[in-house]
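Here's the structure, in structure tokens; my notes come after.
All of the numbers you see were taken from the coordinates with simple rules; none came from a lab. What you see is a predicted model; the values in this text were computed from it and never measured.
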Amino acid sequence: MNYRLGRLEDVEEISKMVDSAKVLMSSQGIEQWDEIYPAKEDFEDDIEKKTLYVVMDDDSNTESRFTESDGAVTETNLAAIYVISTECDDAYEKTHIH
């Protein structure tokens, strides 16, 4: 596995992976993400802030597959994304969890 800061050229693959995750989560009754959030602009913003990281599977024999909402299958070496940030919504400002 290779961990690195996300790049703007990663956004299309990231968006496809997250859209696939949204469909899977919704099918399981998990409505944490929707058509509004997260969006491509959120990923671009996180990349500009240097808070978004990608995990690439550097084994060329292993590819992740994402089924898109139109049924198309995307094969990629993108394995995961994550954001490390101290930002939080106002609703969480007064809590002790951030």
Sequence-distant residues sharing a close amide H with Gly6 (under 5 Å, placed H): Leu52, Tyr53, Val54
Under-5 Å amide H pairs with Ala80, H placed in peptide plane, nonlocal only: Val55
